[in-house]
Amino acid sequence: MRLFRQIFCLKNLISLMGLIRDLQVQIETCRLPRGGWACGSSSRAAIETTCYALMALRNREQSARDHAIDLLLRTQNPDGSWPAFDGDDQEGCWTTALATIALGFVGLPSEILQKPIGWLLDNKGREGHWLWRWKFQTIDRAVQFDPAKFGWPWFPGTVSWVIPTAFSVIALKQWFPCCQTDEVTNRIQLGMEMLRDRACPQGGWNAGNGIVLGAALKPHIDATSIALLGVSDEADATATKGLRWVRQACVDCSSAYSVSWSTLALLRYGDSNLNRCVANLHRALYTHSSVSSVEALSLAVIAINAVQERANPFWVGNVK
């Protein structure tokens, strides 16, 4: 019986390795001539898509990684930030956090990441300004949140949103061992407080606020999973509630993209439902053979690799 289990596990491992290779080949064939990967049918490289592809190809041939790294370094703005797409203006946006995570994951030296980290520390949601805090506290009460708890926006000059805040918190947490300053600690804690404050009443997160015009909004699997990676505290009551929600939501989900995110979240918390979620991911990949989104393919590789304990670009420890 023991030998049978060992043979079964070995066959599963070989099957998984073959699946990962097939997905990585699909990702590589979608690379643009100038380097990087586009979102959908666009001819311009998208920074978000390129970051996911780089994470997925971390253990592939050198040239595939080098093309992705070159694209990211070439598109970086002088202030250390990144635009949303190759060729955009130099204002920078939320992708700065994701690019920082991706480049750190493939082993670029910390000196290269100092500028983007500095940009993240300087950037904040519009409600971080006292005038906007006063507005949200006294006049604009359509949404229900604490404006003193702010995070990061999609683009500078706008309000905080869940996904940019979670990615920024992850980037700063990963940077923390290199720079244990009060400024970094405070922004991490404030970002986590913002995430807890914006959670939906029933558990989980959507893209923005949990309550608008007195009505509770529905959580989303992607936003909830990414927020859980940012909060990443098993003792946190809001995280526990969100984990309970995503545990149920991912069971019937057929989106490889969403199930990959939920796999990463369940893995981070050591949840007992992880194996069921991974099985659902395999089913989504094998059943929906038309899965061609580079983002979905890349996240599937990232999630499977993380479960197999190869590497996890979103892994962080708790910062006290």
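The values are calculated or read from the model by the stated rules, or taken from the named source; none is laboratory data. The shown structure was predicted, so the numbers you read here are calculated from the model rather than taken from an experiment. FYI the Cβ positions are ideal-geometry reconstructions off the backbone, even for glycines, and counts take in every protein chain you see. Just so you know, the surface numbers come from the protein's heavy atoms only, side chains and all, with ligands and any DNA or RNA stripped out. Shrake-Rupley method; radii C 1.70, N 1.55, O 1.52, S 1.80 Å.
Which FRET efficiency, nearest 0.05, do THR185 and GLU111 yield, Cβ-Cβ r, R0 22 Å?
Rounded to the nearest 0.05, the efficiency is 0.55.
Among residues other than ALA249 with Cβ under 12 Å from its Cβ, the summed charge is +1 (Lys and Arg +1, Asp and Glu -1).
In this simple spin-label model, placing a label point 7 Å from the Cα along the Cα-to-Cβ direction at both LYS218 and TRP315 gives a separation of 3.5 nm. Approximating the spin labels as points 7 Å out from Cα along Cα→Cβ, the LEU73-to-ARG21 distance works out to 3.0 nm.
Heavy-atom accessible surface of TRP315, to the nearest 10 Å², is about 130 Å², with a 1.4 Å probe and all protein chains retained. Taking 0.36 nm per residue of sequence separation and removing the Cα-Cα distance, the LYS241/ASN275 pair yields an extension gain of 10.2 nm.
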